[in-house]
Amino acid sequence: MGWRNFFRWRRKPARTLGLKEVFRGFQQVLAANNDVLALMGDLEEKLSGRLSLDLPELRRVIHTLDEHLARLVAALARMSGDRWPELDKTRRHLQALIQVRLAEHPPVPDTPLTLSLRQASPEALAALGGKAANLARLAQAGLAVPEGFVATARAYRQFLTLKIPGKAAALQEVIEARLARLDLADPTGVAQTARELQALILAQPLPAELHHELLTAARRLAPNGTRLVVRSSGSREEVTATFAGIYDSFLNVSAEEVPERWRQVVASHFSHRALAYFRDVGLEVAEAYMAVLVQRLIPARASGVLFTTDPESFRFDRLLVSAAWGLGPELVMSESNPDIYVVDKQSGRVLTSQVGHKARQLILQGDRLAAQILAPEVARTPVLTPRDLEELAQVALALEDLLAGPQDVEWVQDWQGRCHLVQCRPLRISRAQARRFLEEVGRECRAEVLLEAGIPGSLGVGAGPVFILTPERSQEEVPAGAVLVIPRTSPQLTPVLSRVTALVADVGSPTGHMALVAREYGIPALVDTFQATKILRPGEVVTVDGYNARIYRGRVEELVRFEERQRPHLLRSPGLERLRAVLDLIVPLTLVDFKSPKFRPENCRTYHDIAFFAHEKAMQVMFGLMDEVAAGRVPALRLLKLDTKLPLNLHLVDVGDGLASHENPVPPEDILSVPFKALWRGISHPDISWAGPVPVSVGGFLHVLGQSAIRPPEQFWDKTYAIVSRHYVNYACRLGYHYQSVDSYCGPTAADNYINFNFKGGAADELRRIRRAKFIALVVEALGFEVEQHLDVIRARYRKRPLEETLERLDLLGRLMAYVRQMDMLMSHDGMITLLAERFLAGHYERPGGPEDVAGPA
């Protein structure tokens with residue numbers, strides 16, 4: 001595409017838009033993109049329950065997010081000549097959908113009667129019910145989930161709106177009238193109402209369209225007589241409450257039986273135990289709906305339950321597994337004495353095991369289920385091998401990464417030894433257990449203590465950078481996630497507590513107003529330390545132990561990871577209810593392959609998709625412009641190649657005193673750009689080898705070969721560009737399948753200095769890419785960056801530090817960027833994360849290559 005044609009979409013003449021205007025628009029895209037991603041991260045943090053959220057605040061945050069996203073789309077339009085006008089239409093469409101969901105009673109999205117788990121779009125997840133939506137997320141993330149489909153909320157509503165045979169009223173009208181008259185405090189009346197409503201539902205014929213759709217989907221899922229499972233997926237199930245054992249589920253179902261089993265699951269929504277459970281958890285049954293999940297039945301060698309955190313000891317570094325022979329109900333319904341394993345989460349090593357006497361197992365016999373008595377030697381045989389438990393530990397780590405917290409998981413193992421996830425929900429853990437355990441762990445903690453003083457005003461553990469709020473500074477300056485340190489407590493400071501992770505005061509009372517509010521928000525508070533403002537340094541990351549009145553240097557994971565992830569008093573707040581309703585339209589990234597023909601504005605399904613599309617297209621515009629410069633079609637500018645022996649096709653554009661000369665190629669010693677010189681010093685560090693193959697595990701290499709076959713690169717070492725001026729660099733590099741960028745300003749004024757670092761992608765499987773991202777996050781956090789990680793995407797910022805300190809970080813960041821090339825293939829187990837981080841931070845840049853390094857723990 002020629003330079004003149006590049007601007008043919010603009011209404012103004014092409015000559016009115018030059019490089020500086022394009023570059024200015026590019027900087028605006030980068031700034032708006034950072035703002036959008038930061039706000040999305042904030043919303044995810046609020047969903048975890050660690051930060052408070054009310055409905056007016058949620059609406060304000062969404063409004064701000066809308067503004068930033070509109071600014072991002074507008075900046076792309078300006079710099080590209082409005083090449084993608086459909087992007088703003090998609091943004092407005094999603095904005096309207098989000099506003100609908102923010103309403104007091106958000107409607108269930110309109111979907112087909114049935115949807116595949118693997119194909120359900122983010123906007124459709126709210127129609128799948130809690131259980132199925134959770135499994136759809138896991139299936140789409142690449143985890144082993146049995147194939148299946150969901151009869152959506154639309155199927156339930158269509159059924160209920162049918163007229164009852166011989167009556168003028170629809171089924172829904174009769175149900176609502178009967179529930180309105182029900183006294184939930186009367187057990188006899190509840191039981192009688194449940195019987196009546198279930199009888200009505202079981203007698204109601206299915207609409208012809210629904211019956212046909214259920215049969216067609218079931219037959220497609222179960223060719224050649226494959227047996228199925230039909231399970232509940234209520235709208236509140238595993239969302240605001242577990243509903244464990246409340247609804248009916250059916251195993252060993254034929255395709256022809258699915259419509260009738262669907263009706264029976266719907267009837268269980270109004271069973272005696274369901275109505276009583278709704279009453280006990282404070283929910284309205286009339287406001288809920290029942291989706292139904294249909295999956296292939298896995299012929300199970302074994303089955304069990306996985307708690308990704310041991311709830312008995314409250315150890316976040318351990319997981320608990322129970323296992324029995326055969327299908328699951330024998331275990332879940334406590335009709336068997338299962339094996340119990342306590343496993344180290346990182347290594348998969350078995351810490352303790354208790355082999356149960358498994359007297360019988362549930363098996364398939366033809367078209368029926370049968371209980372089989374087991375021989376004594378089989379009954380006392382361990383169900384799982386050490387290798388099986390290592391694999392479950394890997395699954396536990398992946399689940400906690402994806403779902404941001406401990407999970408309660410049901411699994412089945414097929415006869416080939418592969419584990420399939422059949423249910424996943426948040427694991428509830430007692431706050432009292434947490435307190436006892438954290439007090440014990442805190443007493444034994446060996447981390448460096450900066451300060452041991454004060455009185456606990458609110459129990460808990462919190463970590464983050466220190467922010468000292470002196471009288472001359474305003475509350476608005478306090479950043480989210482900081483440890484707030486103040487000379488004395490004051491009621492005027494309570495509004496800031498909702499966004500900090502801990503409170504430390506020189507002077508204050510444990511019974512004062514701030515301490516009370518800190519307890520309400522669930523953050524630790526230490527008062528009467530008398531010297532915190534003198535000892536703690538601004539910006540230094542510390543961990544506050546509110547149980548033992550200690551402040552440690554750095555982030556002490558052994559304390560932080562055991563702290564309760566959610567605060568129960570916030571779980572059912574209106575703000576969080578609406579946030580759950582809108583987040584599926586904001587955070588997921590579904591449009592991931594920028595080389596696919598489907599990478600188009602109209603295919604953006606979430607705000608994250610729009611931001612990613614805009615960022616990628618902005619890079620494309622800039623790179624396209626650089627190609628035009630390189631071809632000599634923009635005579636006012638030259639694209640210069642850096643003279644280097646490294647396998648980097650690095651091109652430079654100087655927009656103001658960034659280079660000493662414009663000879664081509666440019667020798668590295670002619671770099672005048674202050675930040676780029678530091679970055680290049682790290683990238684070209686002599687101790688980091690760019691030559692030779694990277695040691696990989698067989699699994700990582702085979703996956704890369706598969707990715708190459710599916711998505712062959714145009715050129716493995718794609719072009720790398722750097723826009724430079726005296727105090728600025730924007731460096732964008734795509735090496736093979738991963739992308740990394742650095743945007744930095746370095747000048748004499750510390751308040752102006754910043755580094756923005758982004759990393760994403762890779763060619764290996766998702767778990768290996770996530771491990772590499774976790775390694776990168778661990779390193780840059782140790783270097784003092786503010787870090788956000790979502791799956792294999794890293795966003796990190798380093799701000800407002802002195803020039804020399806900022807340049808040192810750029811040097812180290814350059815080394816890291818060179819070090820991590822193709823490293824996703826190397827990340828065969830979680831032990832590699834800390835191993836590589838420790839080596840890198842110690843200045844050892846050689847690649848681990850021994851079999852024991854790559855293969856992982858035995």
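If the condition is being at pLDDT below 90 and either closer than 12 Å to Val541 by Cβ or in a loop (DSSP other than H, G, I, E, B) (or both), then the range 441-472 contributes Cys445, Arg446, Ala447, Ala453, Gly454, Leu459, Gly460, Thr470, Pro471, Glu472. The set of residues in the range 371-391 being without any contact (Cβ under 8 Å) to a residue 60 or more places away in the chain and in a helix (DSSP H, G or I) consists of Pro376, Glu377, Val378, Ala379, Pro386, Arg387, Asp388, Glu391. Of these, Pro109, Pro165, which one is assigned to a loop (DSSP other than H, G, I, E, B) and open to solvent by 50 Å² or more (accessible area, probe 1.4 Å)? Answer to the selection: Pro165. Every condition in (1) part of a helix (DSSP H, G or I); (2) open to solvent by 70 Å² or more (accessible area, probe 1.4 Å) is met by Asp82 except one, and the failing one is (1). Take the conditions open to solvent by less than 20 Å² (accessible area, probe 1.4 Å) and either within 30 Å of Ala103 (Cα to Cα) or modelled with pLDDT under 80 (or both) and apply them to Val496. Does it pass? Against the criterion (open to solvent by less than 20 Å² (accessible area, probe 1.4 Å) and either within 30 Å of Ala103 (Cα to Cα) or modelled with pLDDT under 80 (or both)), Val496 qualifies. For the range 14-46, taking the residues that are part of a helix (DSSP H, G or I) and modelled with pLDDT under 65, the one that is least open to solvent (accessible area, probe 1.4 Å) is identified as Ala14. I'd like to check something: does the range 347-360 contain any residue that is open to solvent by 10 Å² or more (accessible area, probe 1.4 Å) and under 30 Å from Gly130 (Cα atoms)? So far as the range 347-360 goes, no, none of its residues is open to solvent by 10 Å² or more (accessible area, probe 1.4 Å) and under 30 Å from Gly130 (Cα atoms). Has the range 327-343 got at least one residue that is modelled with pLDDT of 75 or more, in contact with a Gly (Cβ under 6 Å, 6 or more places away or on another chain) and outside any loop (DSSP other than H, G, I, E, B)? Yes; the residues of the range 327-343 include at least one that is modelled with pLDDT of 75 or more, in contact with a Gly (Cβ under 6 Å, 6 or more places away or on another chain) and outside any loop (DSSP other than H, G, I, E, B).
Looking at the range 391-432, which of the residues that are polar (S, T, N, Q) and open to solvent by less than 30 Å² (accessible area, probe 1.4 Å) is modelled with the lowest pLDDT? The qualifying residue modelled with the lowest pLDDT is Gln407. Pairs meeting the criteria (first residue in the range 783-804 and more than 16 Å from Asp35 (Cα to Cα), second residue open to solvent by 50 Å² or more (accessible area, probe 1.4 Å) and among the charged types (D, E, K, R), beta carbons under 7 Å, at least 6 apart or on different chains) are Phe785/Arg797.
Screening the range 615-673 for residues that are assigned to a helix (DSSP H, G or I), at pLDDT 80 or above and in contact with a strand residue (DSSP E or B) (Cβ under 8 Å, 6 or more places away or on another chain) and picking the one that is nearest to Pro601 (Cα to Cα) gives Pro668.
None of Leu143, Leu125 is more than 20 Å from Phe278 (Cβ to Cβ) and part of a helix (DSSP H, G or I) except Leu125. Considering Gly166, Gly142, Gly129, the condition of being at positive phi, in contact with a strand residue (DSSP E or B) (Cβ under 9 Å, 6 or more places away or on another chain) and either free of Cβ contacts under 8 Å to residues at least 60 places away in the same chain or of a type outside the set (S, T, N, Q) (or both) is satisfied by Gly129 alone.
The values are calculated or read from the model by the stated rules, or taken from the named source; none is laboratory data. All values reported here derive from a predicted model rather than from experimental measurement. Backbone-built Cβ (ideal geometry, glycine too); neighbour counts: all protein chains shown. With ligands, DNA and RNA removed, areas are computed over all heavy atoms of the protein, side chains included. Shrake-Rupley method; radii C 1.70, N 1.55, O 1.52, S 1.80 Å.
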